[in-house]
Amino acid sequence: MEISVMNSAGFSALLKDPAQCPKTACPSGAYFINNQNSAQLYDLGTIIGGPQNTLVHGQTEEWSNNRFAVLIGTGKYQMNSLFKLNYYTQVLGVGEDTSGAIVSPGINVLNNCEKTGDANCKKPGGLDNFWRSIADLKMDASTNGALKFAVSQASPMRDIEISGQDLLTCDWGTGGDCGMTSGGFMNNVNMNGKSILLGSQQQFYISNSKSSIIQSGVWNIVSNNNVGTFKGTGDKDIDNKWDGYPFTKIDDESLNDFKIPRLIEADNEWKVTYDSKAPIPIDNFIVLSPTADNQRTDVSSDTIKQINQDLQNKQGIVVMPGIYNLGDTIQVPDNKIVLGLGLPSLVCPTSTGKCMEVDNEGVRITGIIFDAAEAANLNDNTDSVMLTVGQEGAGKVENPDILQDVYCRIARTHIEQTVASAYGCIKINADYVIGENLWLWRADHDAVSRNVLWTQDQANYGLIVNGNDVKMYGLFIEHFQNYQTVWTGKNGEINFYQSEMPYFMPDGNKNVDCLVPGSSDSTEEQVCASLYIAKEASGFKGTGMGVYSYFPDASADEKFTQNAVIAETAILINGTQSVTLTDIQTHFLDGDTKSGIASILMDSGTSYPPDSSVTGARHGYALDHYDTNKIKLVGESGSEDESSTTTQHEEL
């Protein structure tokens, strides 16, 4: 394991020379391309990204050890053609100006096909196009048709300017329709008068962007501080749509003063910049790099103790592309940066399951994948949380901890792996923490199996929030075995929520003990609600929220028997005061047609709205508004207060 504090010359020595990359396969690492060397950029991008055609599902780089960062210096790069953004690849401009690197005709993401000869190329399409990113570039796409970016979760587009053509966030198959996609996130994308076409996207979060039109995807499109008009009505197979469906508009500028940390280069000097602060020279950072290309690197407990000690006097850590098996927990003090390049993976220690713990103020974490420990039964240890943020009662509104493009996986990530487990992905204790573009994922498929059963890849919770005034922008959370999200802190906010319940429940349809961490509040259900809002979480607001079900029948896996599964509710409110939910919906994705979700929400034991179930008989149901201060359910001190119900409720 290489752990260094180095100057710009030392950092430059870590960067790989694209000219030395073999034509068949490039070794993992960070590659720097400058001096407008267009041919070099195209050759590197094509070798890493693969050919401009579809791939056979299961023959992708989804579970590869490869990690790539392609760093592009200021200048114009006119390539022969597009290249494709592959798994675990980050392409970013490193000029001081985020549009200083101009790439033509652009960089795309295309469908994966389920089988050879699939004319439509719809399944899985882009559903598995995860873990990649593009940032701080201008793309001149004027010589092509619409620029295709067929991504799902954990594939952000940030600080991008596109000219000449529309942006299409799916890939048209030869059969004439888009392959399926389940994104997505973009921030500060300027289309120069062209449009953002969401196509088959089930959901998407777009912020601070400019376009002529945002054309709707399917279900849940949240727009925050965007310029442009909305077009489209989304999926027709949805009951009770709100006005403007599937769009939800918010105007929240909480993150505008906080700019994501990024690496820059000028005059052969490497620095890290964020917010409005002066750039910080690279020699103020600890730089972690792997010991060998394309191999997992063991980081001993002694090395991590040294990192923790050195962090007291440094600005933070820059993690180079690679996979790091941690022997202990990284402790991040206040006002430090953890910046990942090329989507590096930190694998939690097998002894504790805890990758990282951070202090209460000014910590910035971006571009990191947290992988669960290769250990069994950590789901039974309440202390085995992969990332813990702060202590309860601490934190400052003017200097919050911020997590951006942070991903968590409970999955067997290589074919030899037999176990993976954790108690939870992220626990937030400090107040005022902000999260933006988080995907917390207990695998539904992994490197070992296309179907992950209940006894495999075990983890209870995705996100536990104990802190007050915590805000989330773009929260994707899926398949955990208890509540996906538990919220106990006051005045919390979720702006965009995408959640799938677990697919495979305990064999024989045994009930699950739905338990709130740290309390005796539990109930037995076939499947736990996705979001639990505790009684003490007064003032909670949720906007643009979708919870989906897919409960396969026995035909899905020969090792498994599952009868009909009905989740009692998607969102569980435990008598909480001043809860406001806006534009929420549930969907039946597929599977056993008698299975599904019985109600959008349940408050103090009463389901709402009446008859809002989704199964194979009704695939989707939407609700425009719910406010515990205005809607009093039957059974709560009498009958409904009809004078306070919303238009949505009047229709019922």
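The values are calculated or read from the model by the stated rules, or taken from the named source; none is laboratory data. The structure displayed is predicted, hence computed values, not measured ones. Heads up, the Cβs are rebuilt from the backbone with ideal geometry, glycines too, and the neighbour counts pull from every protein chain shown. Just so you know, the surface numbers come from the protein's heavy atoms only, side chains and all, with ligands and any DNA or RNA stripped out. Shrake-Rupley method; radii C 1.70, N 1.55, O 1.52, S 1.80 Å.
Using the structure shown, decide if S142 is at pLDDT 95 or above, farther than 11 Å from L197 by Cβ and not β-branched (V, I, T).
So S142 does not fit the description; no.
Residue-by-condition table, conditions (1) over 16 Å from the mean Cα position of the chain (by Cα); (2) farther than 19 Å from I368 by Cβ; (3) at pLDDT below 95; (4) surrounded by fewer than 23 Cβ atoms within 10 Å (Cβ to Cβ):
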position: D383; (1), (2), (3), (4): yes, yes, no, yes
position: E392; (1), (2), (3), (4): yes, yes, no, yes
position: G395; (1), (2), (3), (4): yes, yes, no, no
position: N399; (1), (2), (3), (4): yes, yes, no, yes
position: L403; (1), (2), (3), (4): no, no, no, no
position: T418; (1), (2), (3), (4): yes, yes, no, yes
position: I426; (1), (2), (3), (4): no, no, no, no
position: A430; (1), (2), (3), (4): yes, no, no, no
position: W439; (1), (2), (3), (4): no, no, no, no
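Within the range 145-165, work out how many residues are out of contact with any Phe, Trp or Tyr (no Cβ under 9 Å at 6 or more places or on another chain) and either more than 20 Å from I214 (Cα to Cα) or not in a loop (DSSP other than H, G, I, E, B) (or both).
7
Restricting to the range 349-371, name every residue that is under 17 Å from D383 (Cα atoms) and in contact with a Lys or Arg (Cβ under 6 Å, 6 or more places away or on another chain).
D371
Looking at the range 29-53, which of the residues that are polar (S, T, N, Q), in a helix (DSSP H, G or I) and touching a residue at least 24 places away in the same chain (Cβ under 8 Å) is most open to solvent (accessible area, probe 1.4 Å)?
Filtering the range 29-53 for residues that are polar (S, T, N, Q), in a helix (DSSP H, G or I) and touching a residue at least 24 places away in the same chain (Cβ under 8 Å), the one most open to solvent (accessible area, probe 1.4 Å) comes out as T46.
Please verify whether the range 299-317 includes one or more residues that are at negative phi, part of a strand (DSSP E or B) and among the charged types (D, E, K, R).
No, the range 299-317 contains no residue that is at negative phi, part of a strand (DSSP E or B) and among the charged types (D, E, K, R).
Filter the range 1-28 down to residues that are of a type in the set (A, V, I, L, M, F, W, C), surrounded by 15 or more Cβ atoms within 10 Å (Cβ to Cβ) and at pLDDT 80 or above and give me whichever is farthest from A266 (Cα to Cα).
C26
Could you list, ordered by first residue, the pairs with Cβ atoms under 9 Å in which the first is in the range 360-380 and closer than 16 Å to R262 by Cα and the second is open to solvent by 10 Å² or more (accessible area, probe 1.4 Å) and hydroxyl-bearing (S, T, Y), at least 6 apart or interchain?
Going by the 9 Å Cβ cut-off, the qualifying pairs are R364/Y274; T366/Y274; G367/S133.
Residue by residue, here is whether (1) of a type in the set (A, V, I, L, M); (2) modelled with pLDDT under 95 holds:
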position: P506; (1), (2): no, yes
position: G518; (1), (2): no, yes
position: I533; (1), (2): yes, no
position: G544; (1), (2): no, no
position: P552; (1), (2): no, yes
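Output the qualifying pairs, or none if there are none: Cβ atoms under 8 angstrom, residues six or more apart or on different chains, first residue in the range 173-184 and among the charged types (D, E, K, R) and open to solvent by 10 Å² or more (accessible area, probe 1.4 Å), second residue modelled with pLDDT under 85 and part of a loop (DSSP other than H, G, I, E, B).
Sorted first by the residue in the range 173-184, then by its partner, the pairs are D177/N120; D177/K122.
Keeping to the range 175-192, report how many residues are at pLDDT 95 or above and more than 14 Å from L147 (Cβ to Cβ).
3
Can you name the condition, by its number, that K249 falls short on among (1) in a loop (DSSP other than H, G, I, E, B); (2) touching a residue at least 24 places away in the same chain (Cβ under 8 Å); (3) more than 19 Å from the chain's Cα centre (by Cα)?
(1) is the only condition that K249 fails.
I'm checking my understanding of the structure. Among residues of the range 71-85 that are in a loop (DSSP other than H, G, I, E, B) and open to solvent by less than 20 Å² (accessible area, probe 1.4 Å), which one is nearest to V151 (Cα to Cα)?
L85
So, restricting to strands (runs of 3 or more DSSP E) that lie completely within the range 490-535, which ones have at least 3 residues that are open to solvent by 10 Å² or more (accessible area, probe 1.4 Å) and in contact with a Cys (Cβ under 8 Å, 6 or more places away or on another chain)?
Output list reads 522-525.
State all residues of the range 557-598 that are over 20 Å from E525 (Cβ atoms) and touching a residue at least 40 places away in the same chain (Cβ under 8 Å); if no residue qualifies, say none.
D557, K559, Q577, S578, V579, T580, L581, T582, D583, Q585, D590
Within the range 551-565, can one find any residue that is open to solvent by 20 Å² or more (accessible area, probe 1.4 Å) and assigned to a strand (DSSP E or B)?
No, the conditions are met nowhere in the range 551-565.
Could you grab me the full set of residues in the range 216-242 that are touching a residue at least 12 places away in the same chain (Cβ under 8 Å) and out of contact with any strand residue (DSSP E or B) (no Cβ under 7 Å at 6 or more places or on another chain)?
T233, G234
Find all pairs meeting these conditions: Cβ atoms under 7 angstrom apart; at least six residues apart or on different chains; first residue within the range 395-414 and of a type in the set (K, R); second residue not in a loop (DSSP other than H, G, I, E, B).
R409/I369; R409/D371; R409/W441
Working only within the range 86-108, note down all residues that are under 15 Å from I160 (Cα atoms) and not in a loop (DSSP other than H, G, I, E, B).
Q90, V91, L92, G93, A101, I102, V103, S104, I107, N108
Just checking, how many residues over the range 490-541 are over 27 Å from S595 (Cα atoms) and of a type in the set (G, A, S)?
7
Do you know which residues across the range 251-273 are surrounded by fewer than 19 Cβ atoms within 10 Å (Cβ to Cβ) and either over 21 Å from S12 (Cα atoms) or of a type in the set (D, E, K, R) (or both)?
D251, D252, E253, S254, N256, D257, F258, K259, D267, E269
Only residues that are open to solvent by less than 30 Å² (accessible area, probe 1.4 Å) and in a strand (DSSP E or B): list them for the range 274-298, please.
I280, F285, I286, V287, L288, S289, T297, listed by residue number.
Only strands (runs of 3 or more DSSP E) wholly contained in the range 572-635 count here; list those with 1 or more residues that are farther than 19 Å from T485 by Cβ.
By residue number, 580-591, 606-608, 620-627.
With surrounded by 21 or more Cβ atoms within 10 Å (Cβ to Cβ) and in contact with a helix residue (DSSP H, G or I) (Cβ under 7 Å, 6 or more places away or on another chain) as the only criterion, which of N451, N466, N460, N482 stands out?
Selected residue: N460, the only one of N451, N466, N460, N482 that is surrounded by 21 or more Cβ atoms within 10 Å (Cβ to Cβ) and in contact with a helix residue (DSSP H, G or I) (Cβ under 7 Å, 6 or more places away or on another chain).
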